[in-house]
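Asks: This is the structure I have questions about; it appears just below.
What follows is calculated from the coordinates using simple rules that are stated; it is not laboratory data. No experiment lies behind these values; they were computed from the predicted model shown. Here Cβ is always computed from backbone atoms with ideal geometry, including for glycine, and neighbour counts include all displayed protein chains.
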Amino acid sequence: MGSLNRREFAALAAVPLVAGMAPARQSGGGGMFVSMHGATSSRSEFRSMMEGWARAGIRAVEPDLPNVRRFAEQESPAAARRLLDDLGLRAVSSSNQLFLEEPGEQRARRLEDLRWKVELAEVIGADRLVVPSAAQGQYTSPDIYSEVIDNLREAAEIARPHNVTLMVEFTRTSTLINNLRTALMVVRRAGHPNLRVMLDTFHFWSGLSKFEDLEYLEDGELYHLHFEDTPMDPPLELFGGGQQNRAFPGEGIAPLGRIVEVLKRKGYNGPASLELFHLSGEDPYEMAVRARETIEPLIG
């Protein structure tokens, strides 16, 4: 869709969104709520993405910061924040920064990337940033985790002045943090107020974690949730390192209803953020409508 000015968007917002659908529950309402991750519509530019999501009644978003930066370079970071405010959107998280935990030559460059990302996150009102573990080295000694923890502490110190919390995301293919237990271990041992743990249901169910691992979460310990399903096909062995093999919630085999029950019991009442990759060229409005249709029945 083309860009809308404020008056045009206000007029459009007065039209019913989808038959029988009110705006999505907003943050602060006391329960889990739908959020849209920037990867889900990554082929759209920032303005059209946000406008499409808002039209569908989405109120919580997780912008991809490089996409925001491209918009800000054409206008300004403050203009990105104004766009969110004008559309009634709140940046409940932001994405992302890789390779902060793993030692190596590239880490210095990633720390520099982190500096501009936390600055931009602060401007758009996001108080958290996803830090996936994408480690690729081969490690055989548990001593490596002392360095991992120190590296994460250093990154959290960079984020602290901007009031941004880094959220460690375990990923199924990481050679350092690929399951919930390890993620909890490094975050707890780091003991930094700007470092927390998050969970992606795709990595959780298709990786090495076990359903029972959810019981290791302390009340209120989970800080953020990416919410997708795991398809039956292709076999897990063929997933490789890619992110394409995901499904809308309820359209795969992960026991998402049971997972939500445990997370609620553990005190989680934050975003259920849809992060898909294989449909990133689809219309943002249509993707957001489908996100609400599939997520809202599961989170209650």
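Asks: Averaged over every viewing direction, what's the projected area of the C-alpha convex hull for the stretch 214-282? Give it in nm², one decimal, please. Show your work: numbers first, answer last.
Replies: Working: hull surface 22.1 nm².
So the mean shadow area of the Cα hull is 5.5 nm².
Asks: Would you mind telling me which residue in Leu217, Leu180, Leu225 has the biggest mean-square fluctuation in a Gaussian network model of the chain, where springs connect alpha carbons within a distance under 10 angstrom?
Replies: Leu217
Asks: Ok, one more. Calculate I(q)/I(0) for the stretch 163-300 by the Debye formula, one identical point scatterer on each C-alpha and no solvent, and give its log10 at q = 0.19 Å⁻¹ to two decimals.
Replies: -1.18
Asks: Distances longer than 22 Å among the Cα atoms of the stretch 32-299: what percent of all pairs is that?
Replies: Of all Cα-Cα pairs in the stretch 32-299, 54 percent lie more than 22 Å apart.
Asks: Could I ask something else about it? Any chance you could give the angle, 0 to 90 degrees and rounded to 10, that helix 256-265 forms with the longest Cα principal axis of the chain?
Replies: Once rounded, one gets 80 degrees.
Asks: Another question about this same structure. What is the calculated FRET efficiency for Ser280 to Thr140, with r their C-beta to C-beta distance and R₀ = 30 Å, to the nearest 0.05?
Replies: Numbers: r = 37 Å, r/R0 = 1.23.
It comes to 0.20.
Asks: Cut-off 10 angstrom, C-alpha nodes, Gaussian network model of the chain. Which of Asp200, Asp85, Asp64 fluctuates the most?
Replies: The residue with the greatest mean-square fluctuation here is Asp85.
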